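I have placed the structure first, in the form of structure tokens, so that the comments after it can refer back to it.
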Number of protein chains: 2
Amino acid sequence: MVRHRVIALSGGVGGAKLAWGLTRVLTPDDLLIVANTGDDFEHLGLHISPDIDTLIYTLSGLADLARGWGRDNETWNFMSAMGGLGGETWFQLGDRDLAMHIERTRRLRSGEALSQVTIDLASRVGVRHRILPMCDEPVRTMLETDVGLLAFQDYFVRQQCRPSVQHIEYRGAESAYANKLHEALADPALLAVVLCPSNPFLSIGPILALPAVRRALVACVAPVIAISPIVAGKAIKGPTAQIMRTLGHSATALGVAELYADFLDGFVVDEEDASEATTIQERLQLPCRVADTIMVTPEHKMALADAALRFGRELSALTSTSL
Amino acid sequence: MVRHRVIALSGGVGGAKLAWGLTRVLTPDDLLIVANTGDDFEHLGLHISPDIDTLIYTLSGLADLARGWGRDNETWNFMSAMGGLGGETWFQLGDRDLAMHIERTRRLRSGEALSQVTIDLASRVGVRHRILPMCDEPVRTMLETDVGLLAFQDYFVRQQCRPSVQHIEYRGAESAYANKLHEALADPALLAVVLCPSNPFLSIGPILALPAVRRALVACVAPVIAISPIVAGKAIKGPTAQIMRTLGHSATALGVAELYADFLDGFVVDEEDASEATTIQERLQLPCRVADTIMVTPEHKMALADAALRFGRELSALTSTSL
């Protein structure tokens with residue numbers, strides 16, 4: 001097994017942006033990107049892994065950056081024909097994107113592990129860095145809402161995050177094996193763990209719900225750094241702020257830091273939240289950094305990746321000194 | 001159950017042309033089109049029914065008549081992406097066509113019968129006439145060839161009919177139930193059974209391999225009429241002539257008539273084979289008609305359908321007189 005020096009935990013779009021930045025400043029040997037699979041679901045008989053695909057498309061340069069999901073240069077003739085046949089069309093599947101779902105499903109059914117299929121499909125489209133599904137077993141994010149228990153995509157896509165979330169369950173997480181992630185987290189050669197600016201409940205939450213992973217993060221010798229997905233009380237994208245509030249948390253950078261307090265060594269907040277950084281440092285005794293976290297350009301993504309890694313190095317030096 | 005007055009047995013392209021002609025001269029109540037499913041196969045995890053689809057696309061006007069298979073206005077972005085992922089691309093699946101396979105597969109997996117799924121999907125795209133799969137159970141045409149045992153699509157598409165066929169097996173036919181086809185064939189209200197000009201071994205053969213069907217054809221009171229798929233010793237399309245020869249039959253209209261001799265009441269040969277019609281009548285004591293069987297235009301298709309039905313009426317009148 002290759003020993004990675006940096007491990008990044010990522011969800012979809014926002015996380016993938018930073019993951020892309022990390023791939024620009026770290027070699028394939030040095031970086032392991034762990035993908036949330038709590039959003040995975042079976043649809044039209046196909047195994048769909050939205051976050052893995054967003055990572056693959058983003059890292060390979062195939063992503064449609066304007067739309068924010070799926071492949072660029074995409075066509076929708078399958079979907080249109082599906083509508084004509086009376087099939088389900090609430091989850092948009094592009095013609096090119098469909099190849100990923102069909103080939104993945106075929107290989108999973110033939111007995112291959114999701115992690116192996118992911119490595120192969122990613123490398124086919126030119127991804128050189130390693131994307132590791134958080135586990136090979138199915139974990140399903142289920143949401144108890146004011147309109148009943150909803151599977152993730154039902155809530156997220158079909159109902160467009162309108163229902164109020166009261167409780168979240170990561171079904172299957174308790175018994176999932178987490179691949180070799182917990183071992184990688186225990187590697188003494190590890191320099192840093194980076195939690196990408198993804199939704200703490202819907203994207204990072206399922207990864208942390210794997211018992212071996214959370215334990216390994218708490219025990220991790222390398223600094224664990226998170227980038228706040230909340231900027232000035234709002235999420236860049238998606239329902240993060242809304243969910244944090246209805247689940248009884250403060251929809252602020254501080255609220256996010258509190259969720260990770262048991263294992264976090266450093267926290268990066270946006271420039272807009274510079275004053276909050278001081279509050280977080282004081283309240284949680286947690287070192288903070290201020291950076292431009294709204295990754296619009298490739299330069300932003302690389303700069304944030306670089307800032308997170310520099311922060312990690314500083315935290316390590318601090319620890320060494322204090323030893 | 002609706003009692004149909006004409007039953008047509010059909011394979012893919014050639015059969016579908018005549019089936020289309022029949023739908024122009026018969027109401028949906030009067031016509032039952034039985035589709036070969038011996039070519040069906042599982043590919044990329046999808047249940048593909050090539051002959052059913054050719055019938056659905058042909059009857060709905062969605063077929064690509066120039067290409068001879070699949071949908072018109074088709075795109076191939078799925079296939080192209082599949083190639084990029086290292087997936088199998090030997091069986092071409094268009095983006096629009098894929099909706100049919102995915103939706104059919106989903107519904108079959110949910111426990112629906114192929115016949116029900118076929119009715120629904122066909123009606124969704126505007127087919128008003130009934131297309132009945134020969135049976136709901138899987139029957140698989142397997143070919144023993146000089147390069148070993150091949151599944152139908154492996155022989156037909158991947159190896160482009162190059163291997164020499166030594167024996168054909170219709171796996172599963174012995175125990176398949178034939179839906180209500182044998183009952184429909186026993187209906188005293190039936191006016192005619194038409195075997196479309198399809199490959200006798202690869203398209204009509206699987207239907208006849210259902211024991212109840214062949215028995216019902218032998219016992220059928222209504223005249224059973226076949227249109228020769230062989231014209232002047234050649235097939236319009238596909239490997240019919242070649243297969244007939246390697247299986248020890250004459251690759252002629254006579255050779256086809258001999259295969260159906262135990263149940264056939266009338267045989268239609270092409271104008272090019274007018275002299276052969278006389279031979280067939282004499283040798284097999286089988287009434288023959290000469291017609292233009294090469295269906296290039298819509299008018300040709302309707303004219304051949306009309307000729308077959310007129311032939312049937314004449315044969316019925318003959319039988320009534322001789323009684």
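When you scan the stretch B:179-223, how many residues do you find that are more than 28 Å from B:Val290 (Cβ to Cβ) and more than 15 Å from the chain's Cα centre (by Cα)?
14
For the stretch B:240-269, which residues satisfy the criterion of being without any contact (Cβ under 8 Å) to a residue 12 or more places away in the chain and of a type in the set (A, V, I, L, M)?
If the condition is that a residue be without any contact (Cβ under 8 Å) to a residue 12 or more places away in the chain and of a type in the set (A, V, I, L, M), then B:Ala241 is the only one that fits.
Return yes when B:Ala176 is more than 17 Å from the chain's Cα centre (by Cα) and at pLDDT below 95 and no when it is not.
For B:Ala176, the condition - more than 17 Å from the chain's Cα centre (by Cα) and at pLDDT below 95 - is met.
Which condition from (1) modelled with pLDDT under 95; (2) within 15 Å of A:Ala8 (Cβ to Cβ); (3) not hydroxyl-bearing (Ser, Thr, Tyr) is the one that A:Val157 breaks?
Unmet condition: (2).
Would you say A:Arg214 is in a loop (DSSP other than H, G, I, E, B), among the basic types (Lys, Arg) and in the same structural domain as A:Asp40 (by TED's automatic domain parsing)?
No: the conditions fail for A:Arg214.
Condition first: of a type in the set (Val, Ile, Thr) and either closer than 17 Å to A:Ile236 by Cβ or surrounded by fewer than 22 Cβ atoms within 10 Å (Cβ to Cβ) (or both). Now tell me which residues in the stretch A:272-282 satisfy that.
Passing the criteria: A:Thr278, A:Thr279.
Do we have B:Leu108 as more than 8 Å from chain A (Cβ to nearest Cβ) and in a loop (DSSP other than H, G, I, E, B) here?
For B:Leu108, the condition - more than 8 Å from chain A (Cβ to nearest Cβ) and in a loop (DSSP other than H, G, I, E, B) - is not met.
Listed here are the residues, each with its yes/no results for (1) surrounded by fewer than 20 Cβ atoms within 10 Å (Cβ to Cβ); (2) more than 14 Å from chain B (Cβ to nearest Cβ); (3) part of a helix (DSSP H, G or I); (4) of a type in the set (S, T, N, Q).
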| residue | (1), (2), (3), (4) |
| --- | --- |
| A:Asp120 | yes, no, yes, no |
| A:Ser123 | yes, no, yes, yes |
| A:Arg128 | yes, yes, no, no |
| A:Ile131 | no, yes, no, no |
| A:Leu143 | no, yes, no, no |
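When you look at A:Val269, is it crowded, with 21+ Cβ neighbours inside 10 Å and not in a helix (DSSP H, G or I), yes or no?
Against the criterion (crowded, with 21+ Cβ neighbours inside 10 Å and not in a helix (DSSP H, G or I)), A:Val269 qualifies.
Which residues, taken from the stretch A:31-75, are of a type in the set (Asp, Glu) and more than 17 Å from A:Pro133 (Cα to Cα)?
A:Asp64, A:Asp72, A:Glu74
Would you kindly identify the strands (runs of 3 or more DSSP E) lying entirely within the stretch B:1-100 that contain at least 1 residues that are within 14 Å of another protein chain (Cβ to nearest Cβ), buried (at least 24 other Cβ atoms within 10 Å of the Cβ) and among the small types (Gly, Ala, Ser)?
none
Is it the case, given these coordinates, that A:Gly126 is touching a Ser or Thr at 6+ places or on another chain (Cβ under 7 Å) and farther than 25 Å from A:Lys237 by Cβ?
Considered against the rule, which asks whether it is touching a Ser or Thr at 6+ places or on another chain (Cβ under 7 Å) and farther than 25 Å from A:Lys237 by Cβ, A:Gly126 comes out as yes.
The values are calculated or read from the model by the stated rules, or taken from the named source; none is laboratory data. As the structure is a computational prediction, the values presented were derived from the model and not from experiment. Using ideal geometry, Cβ is built from the backbone for each residue, glycine included, and neighbour counts are taken over all protein chains shown.
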